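Only one structure is covered here, and it is reproduced in the block below.
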Amino acid sequence: MIAFDYIRPADETAALHAATERPGARFIAGGTNLLDLMKLGIERPRYLVDIGALDLREVTETSEGGLRIGALVTNAALAAHPLVRQRYPVLSQAILAGASGQLRNKATTGGNLLQRTRCYFFYDPASPCNKREPGAGCSAIGGFNRIMAILGTSAHCIASHPSDMAVAMRALDARVETRLPDGQTSSRTLEALYRLPGETPHVDHRLAPGELITAVVLPPPPAGRQSYRKVRDRASYAFALVSVAAVVSMREGRITEATLAFGGVGTMPWRNRKAEALLIGQAPSAALFERCADAVLAEATGHGGNDFKIPLLRRTLVASLAKLTGGEP
Amino acid sequence: MSWIEADSGAALTLSVNGMRHDLKLDARVTLLDALREHLQLTGTKKGCDHGQCGACTVLVNGRRINSCLSLAVMHQADEITTIEGLGTAENLHPLQAAFVAKDGFQCGYCTSGQICSAIGMLGEWREGWPSHLGDRADAAPAIDAAEIRERMSGNLCRCAAYPRIVEAIEHYATHEGADA
């Protein structure tokens, strides 16, 4: 780990000021991902602004009937929050399907959104990786790529986004609130927070330098049933090979609303509105679910070692839809 | 509040097992290394040093965390409890006694992390926190083996003493955990 200057400001204004007075400064909250990457020399910040003392640990109801989740609310606290469990069970389930008890006690809402890929080659400084070192090449394309993405990839990077929490948030139409160094605030969807790798896979997101995530805002809870289904190599404490966050509402035997988001398969938490639209107004059936899966997978590309994710995503989606539209809760 | 420059070191105070310690450390020193190398509290173990094995688990304000993935300088306002703060060789914590009685280890390297993690985990259970298995903590007074396995998945044991570790935790939780 290279040496860094460190500061622990008492409030947001001081934190934003600190980040601008030393360009290249990074915010650190739980530290469970950033410190790990700093130990390996993959992240090399010269300046760390510790935001742990900021007043961003509350979960509050919004006037619209949704929830505002402070950026420093831990993953554990969010998953255990009574209103999250009651109104947004897909979010609680997604968080509890990820990491370990220790990590969830430290990892924060904002930090979880910005965690970096778990691609083995990104983590291995001896292997070429365009995300770690632009222009170096991609070791996963044509190499061992079992855990890599099948959607949103480019000729330069096929690393999958690792978050479970963000997948549920994408299905819930969450918005990410930030403050910029000049004090202005901004609100964006997760789709607008992240970027696809394209030719610049080293840039994961669209936040400006010194822009601080302050909260995630959930709209009022959607009607219908919610579920998070995750498939992984072991029963606990493993990243998703494939996951499906689904919210489906039915009336008189027909699907009235459906939002679907996918983890482990995309270079960002994935969503496909065309596939969702296919379900609306239809009576649930195996054939319908297969057509929905066809739409999600229309642009999917396997890279050899991860080809299995294509049928696995299909089966996981079909199983989720069958459960949510069936008689059993 | 001002910057601690990289080359100057950080003067800080850590509260560990009820004792306050004044230290001067490089800001890069993790909580784990501060405990082991600067306070000589070597009961907390370094396994992977990447938050994957759980050997370094300590309690911070009663919550279990991986001490290897946190900087010492970030914990000046916290109360830290290590295995040395739970029990001693002469006066074992009841969970330590349960590990001995149930033979919950082989080499013992993961044990302090297992015990600190289990203490934190049982606190989470008593508070009704859900797990990947669902909302069973809400209604169930006694934890069962399946919940212990899921909730303790962040603590690896290379000797694979898992069956006895689960037994020790379950024994403690059902017999003595209520007043722990």
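Between exposed GluC sites (Glu not before Pro) in chain B, where DSSP calls loop and at most 14 other Cβ atoms lie within 10 Å, what's the longest gap?
Maximal segment without exposed cleavage sites: B:6-89.
How far apart, in nm, are two points set 7 Å out from the Cα along the Cα-to-Cβ line at B:LYS24 and at A:ALA322?
Those two pseudo-labels are separated by 6.8 nm.
If you fit an axis through the alpha-carbon atoms of helix A:12-21 and take the longest principal axis of the Cα set of chain A, what angle between them do you get, 0 to 90°, nearest 10?
60 degrees
What is the distance in Å between the Cα centres of segment B:121-180 and segment A:140-195?
Cα centroid of segment B:121-180 versus Cα centroid of segment A:140-195: 34 Å apart.
Mind checking which helices in chain B clear 18 Å along their axis (Cα) and have mean Kyte-Doolittle hydropathy of 0.0 or more, DSSP H runs only?
Counting only whole DSSP H runs, the qualifying helices are B:111-126.
Based on the Cβ-Cβ distance from B:ASP138 to A:ALA3, what FRET efficiency comes out when R0 is 41 Å, to the nearest 0.05?
About 0.30, to the nearest 0.05.
For segment B:3-85, evaluate the Debye formula with one uniform point scatterer on each Cα (no solvent term) and list log10 I(q)/I(0) at q = 0.23 Å⁻¹, rounded to two decimals.
Those come out to -1.09, one per q.
Would you be so kind as to identify which of A:ALA208, A:PRO197, A:PRO220 lies farthest towards the positive end of the dipole of segment A:191-234, taking Lys and Arg as +1 and Asp and Glu as -1 on Cβ and the Cα centre as origin?
It is A:PRO220, whose Cα lies furthest towards the positive end.
Let me know the shape class of segment B:47-180, please: from the alpha-carbon gyration tensor, a ≥ b ≥ c as square roots of the eigenvalues, rounded when a/c is under 1.5, otherwise prolate if a/b is greater than b/c, or oblate.
In terms of gyration-tensor shape, rounded.
If the cut-off is 17 Å between C-alpha atoms, which lysines fall inside it for B:LYS46, apart from same-chain ones fewer than 8 positions away?
Counting by Cα, and skipping residues close in sequence, B:LYS46 has these lysines nearby: A:LYS39.
Tell me the GluC sites (Glu not before Pro) within segment A:223-329 that lie in a loop according to DSSP and have at most 13 other beta-carbon atoms within 10 Å.
For GluC sites (Glu not before Pro) across segment A:223-329 that sit outside H, G, I, E and B with at most 13 neighbouring Cβ atoms in 10 Å, the list reads A:GLU252, A:GLU299.
Relative contact order for chain A using alpha-carbon pairs under 8 Å, separation at least 6, rounded to a whole percent?
17 percent
Please list the radius of gyration and Dmax for segment B:1-43, considering alpha-carbon atoms only, with Å as the unit.
11.0, 34
If you bin every alpha carbon distance in the protein assembly as shown into 10 Å steps from zero, what whole percent lands in each bin?
Per 10 Å bin, starting at zero, the Cα-Cα P(r) for the protein assembly as shown comes out as 4, 19, 28, 27, 17, 5, 1 percent.
Over 29 Å between C-alpha atoms is what I'm after, so list which of A:LYS309/B:LYS45; A:LYS106/A:LYS274; A:LYS106/B:LYS24; A:LYS230/A:LYS274; A:LYS106/B:LYS45; A:LYS131/B:LYS45 land there.
The answer is A:LYS309/B:LYS45; A:LYS106/A:LYS274; A:LYS131/B:LYS45.
Return the average number of partner chain Cβ atoms within 10 angstrom of each residue Cβ along peptide A:89-97.
Partner Cβ neighbours, averaged per residue: 2.
Place +1 on the Cβ of every Lys and Arg and -1 on the Cβ of every Asp and Glu in the protein assembly as shown, take the dipole about the Cα centre, and give the residue among A:LEU113, A:ALA25, A:MET268 whose Cα lies farthest towards its positive end.
A:MET268
All of the numbers you see were taken from the coordinates with simple rules; none came from a lab. Quantities reported herein were computed from a predicted structural model and do not represent experimental measurements. Reconstructed Cβ throughout: ideal geometry from the backbone, glycine too, with neighbour counts over all protein chains shown.
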